[in-house]
1. If you take the residues in the stretch 92-110 that are modelled with pLDDT of 90 or more and buried (at least 18 other Cβ atoms within 10 Å of the Cβ), which one is farthest from ALA167 (Cα to Cα)?
2. So which residues in the stretch 117-141 are of a type in the set (Phe, Trp, Tyr) and surrounded by 15 or more Cβ atoms within 10 Å (Cβ to Cβ)?
3. Quick check on my filter: what residues within the stretch 32-60 are free of Cβ contacts under 8 Å to residues at least 60 places away in the same chain and among the hydrophobic types (A, V, I, L, M, F, W, C)?
4. Only residues that are buried (at least 20 other Cβ atoms within 10 Å of the Cβ), within 21 Å of ARG87 (Cβ to Cβ) and of a type in the set (Gly, Ala, Ser): list them for the stretch 1-52, please.
5. Tell me which residues, restricted to the stretch 123-157, are of a type in the set (Phe, Trp, Tyr) and under 18 Å from ALA168 (Cα atoms).
6. Restricting to the stretch 54-88, count the residues that are open to solvent by 10 Å² or more (accessible area, probe 1.4 Å) and part of a helix (DSSP H, G or I).
7. Taking ALA179 and the conditions (1) surrounded by fewer than 19 Cβ atoms within 10 Å (Cβ to Cβ); (2) within 20 Å of GLU106 (Cα to Cα), which numbered condition does it fall short on, given that it satisfies the others?
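The values are calculated or read from the model by the stated rules, or taken from the named source; none is laboratory data. None of the values given here were measured: they were computed from a predicted structure. Cβ sites come from the backbone with ideal geometry, for glycine too, and all protein chains shown count toward neighbours. These accessible areas exclude ligands, DNA and RNA; they are computed on the full protein's heavy atoms, side chains included. Shrake-Rupley method; radii C 1.70, N 1.55, O 1.52, S 1.80 Å.
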Amino acid sequence: MHPQYICEIRLDRPVDRTSYLAALPVVKHLSGGGIVLDQPVTILVGENGTGKSTLLEAIAVASGFNAEGGTKNFDFSTNATHSELHRHLTLSRRAYARDGFFLRAESLYNVATNIDELDAAPSFGRPLIDSYGGVSLHRQSHGESFLAVVQNRFGGNGLYILDEPEAALSPMRILTLIAAIHRLVRQNSQFIIATHSPMLMAIPDAQILELSEAGIRRVDYRDTAHFQTMKYFLNNPEGVLNELLRT
């Protein structure tokens, strides 16, 4: 059986009604029951504002990761803007991961800066950047640095939490990421991913949870609004744009 480092997420303490968190659809529906994770890859999808990234961040922080990203050993803080949702969550586990990383496309710059700062300080150990491919992440493009983390730092037997990775990657690099995820899953890893990318939603056997005002439901990737919208557009881009831009 594949290890499930997180198998259920529950909201065990109510959120203050005056908090902005209480208005998020994901928080409203978590109040009525937990989310069961039963696959090595879980993908959170939904429109902007449904609470995908907020929930993902809360799962990461509740798991012991730095809110801005990195491993559990990172403790820097550039701007403490993360929510208090993690204080209300209970994560059920069947096993404990030996490795892990919280990778956020929006704050990878901060992680890269912290790595360079730690390596610039006096140390008797090997440079930290060696675990990331040996080249400063700041000396690479956003997409290259993102993949450098995945391909070099992710070692298997781990819990990997990715927030909108497609923001850093071209379509071809998304395919590279999918291949890396598949390899790591075969090495007893679990992924929880928030994304808008229909390509990532197509990861084989992924559990796709769609967050909306109506609730949290499990869907096939072909039934997501993201896939349907992209298919509609690609089948007839000129027609869609003519209709959209008609004055």
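1. ALA97
2. Filtering the stretch 117-141 for residues of a type in the set (Phe, Trp, Tyr) gives 124, 132.
Scanning the stretch 117-141 gives a single hit, TYR132.
3. If the condition is that a residue be free of Cβ contacts under 8 Å to residues at least 60 places away in the same chain and among the hydrophobic types (A, V, I, L, M, F, W, C), then VAL36, ALA58 are the ones that fit.
4. Across the stretch 1-52, the qualifying residue is only GLY51.
5. TYR132, PHE146, PHE154
6. Residues flagged as open to solvent by 10 Å² or more (accessible area, probe 1.4 Å) and part of a helix (DSSP H, G or I) within the stretch 54-88 amount to 7.
7. Unmet condition: (2).
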